[in-house]
Amino acid sequence: MTRQRSSLEAVSFHVTMWVLAASCFLLLVLPTLVVIIVSFTSGFSLKFPPPGYSFRWYSALLDAWQLHFAAANSLKVAAGTTGLSVLLGVAASLAIARSETWKARVLDSLFMSPLVLPALAFGLAALMFFSVMGLSVSPLTLVIGHVVVCVPYVVRTTVAALAQLNPALLESSASLGASNFYTLRRITLPLIAPGIMAGAFIAFMSSFDNVPVSLFLRDARTDMLPIRMWQDLEGKLDVTIAAVSGVMIAITIAALVIMERVAGLSRRLR
């Protein structure tokens, strides 16, 4: 009877996992494939299946100066956000990972809190805060808002990398007379570099693709690519947006493959 129950539980578990995996595939992968297929349409509308196939809309991207401007802004903001997120996230991770006090746990929860808050609510709150402080929306406020929501990714992957660091290496360095800064520069940082790189990659992609925070904190000088794509789809259903999506999907997949080879991205997220 016990064996039958264990076998039934194992079968139930596998069936449930396969159903969840299939649901994730249907909800995440298939819509992406539809966008990629539509981006090669020869027609003038977002119709699936397309009436024919052509590279005309990818060629049209070469003259889409508004998309170029928005993409350049998104890259600049994402680069600035990633740099600040790495600096703050690594510093916070070093303090959190090396302490077992309740203060460290509170700080860890504080840094993770932006992932729990609704993004739209945070964007509105950030806009009101900057308004009270007398700061108008600008590229600076946009970067600050992105940093708040991107630092948690760097903290999480860096703390995971620090947890895998052998304490004997740090103790050996100290016993040989090395200073804390020397140990940090020559031992700690090189060993946790893959975790930092993984967090930086996630922070960059999160900032580049962020809509809720950018929607409230951007101005005319910082037209962001995701918002530009949304506005174009809302106003005229431009097929060029499907081509932009295809380019972004290809770049993201290539970047994921490179990060997996270089930093072991999937291992750092466990």
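The values are calculated or read from the model by the stated rules, or taken from the named source; none is laboratory data. As the structure is a computational prediction, the values presented were derived from the model and not from experiment. Reconstructed Cβ throughout: ideal geometry from the backbone, glycine too, with neighbour counts over all protein chains shown.
If I filter the stretch 31-64 down to residues being closer than 16 Å to LEU233 by Cβ, exposed (fewer than 13 other Cβ atoms within 10 Å of the Cβ) and not hydroxyl-bearing (Ser, Thr, Tyr), which single residue comes out as farthest from the chain's Cα centre (by Cα)? The selected residue is PHE44. Could you look through the stretch 148-178, keep only residues that are outside any helix (DSSP H, G or I) and touching a helix residue (DSSP H, G or I) at 6+ places or on another chain (Cβ under 9 Å), and pick out the one that is farthest from PHE129 (Cα to Cα)? Going through the qualifying residues, I end up with ALA178. Scanning the stretch 213-239 for residues that are surrounded by 20 or more Cβ atoms within 10 Å (Cβ to Cβ), modelled with pLDDT of 80 or more and within 19 Å of PRO31 (Cα to Cα) turns up just one, MET229. Here SER23 passes the criteria (1) closer than 21 Å to LEU237 by Cβ; (2) among the hydroxyl-bearing types (Ser, Thr, Tyr); (3) modelled with pLDDT of 80 or more except the one numbered (1). I'd like to check something: does the stretch 69-77 contain any residue that is over 19 Å from ASP232 (Cβ atoms) and buried (at least 16 other Cβ atoms within 10 Å of the Cβ)? Among the residues of the stretch 69-77, at least one is over 19 Å from ASP232 (Cβ atoms) and buried (at least 16 other Cβ atoms within 10 Å of the Cβ), which makes the answer yes.
Closer than 30 Å to PRO190 by Cβ and more than 21 Å from the chain's Cα centre (by Cα) - does that describe any residue in the stretch 80-88?
So in the stretch 80-88, the residues closer than 30 Å to PRO190 by Cβ come out as 80-88.
Filter again for more than 21 Å from the chain's Cα centre (by Cα), leaving none.
No, every residue in the stretch 80-88 fails to be closer than 30 Å to PRO190 by Cβ and more than 21 Å from the chain's Cα centre (by Cα).
Among the residues of the stretch 172-184, are any of a type in the set (A, V, I, L, M, F, W, C), at pLDDT 75 or above and buried (at least 20 other Cβ atoms within 10 Å of the Cβ)? No - not one qualifying residue is present in the stretch 172-184. ALA92 meets all of the listed conditions (1) within 17 Å of VAL213 (Cα to Cα); (2) assigned to a helix (DSSP H, G or I); (3) in contact with a Phe, Trp or Tyr (Cβ under 8 Å, 6 or more places away or on another chain); (4) small (Gly, Ala, Ser) but one, namely (1).
Taking the conditions exactly as written (at pLDDT below 80, exposed (fewer than 12 other Cβ atoms within 10 Å of the Cβ) and either closer than 26 Å to ASN210 by Cβ or touching a strand residue (DSSP E or B) at 6+ places or on another chain (Cβ under 7 Å) (or both)), does LEU28 satisfy them or not? Spelling it out, LEU28 is indeed at pLDDT below 80, exposed (fewer than 12 other Cβ atoms within 10 Å of the Cβ) and either closer than 26 Å to ASN210 by Cβ or touching a strand residue (DSSP E or B) at 6+ places or on another chain (Cβ under 7 Å) (or both).
Condition first: within 30 Å of PHE181 (Cβ to Cβ), in contact (Cβ under 8 Å) with a residue 40 or more places away in the chain and crowded, with 18+ Cβ neighbours inside 10 Å. Can you find one or more residues in the stretch 108-117 that meet it? Yes, the stretch 108-117 contains at least one residue that is within 30 Å of PHE181 (Cβ to Cβ), in contact (Cβ under 8 Å) with a residue 40 or more places away in the chain and crowded, with 18+ Cβ neighbours inside 10 Å.
Which ones in the stretch 118-135 are closer than 11 Å to VAL148 by Cβ and either touching a residue at least 24 places away in the same chain (Cβ under 8 Å) or more than 25 Å from the chain's Cα centre (by Cα) (or both)? Step through it out loud before you land on a result.
Going residue by residue through the stretch 118-135, those that are closer than 11 Å to VAL148 by Cβ are 119, 122-123, 125-126, 129.
Once the filter is applied, which keeps residues that are closer than 11 Å to VAL148 by Cβ and either touching a residue at least 24 places away in the same chain (Cβ under 8 Å) or more than 25 Å from the chain's Cα centre (by Cα) (or both), the stretch 118-135 yields ALA119, PHE122, GLY123, ALA126.
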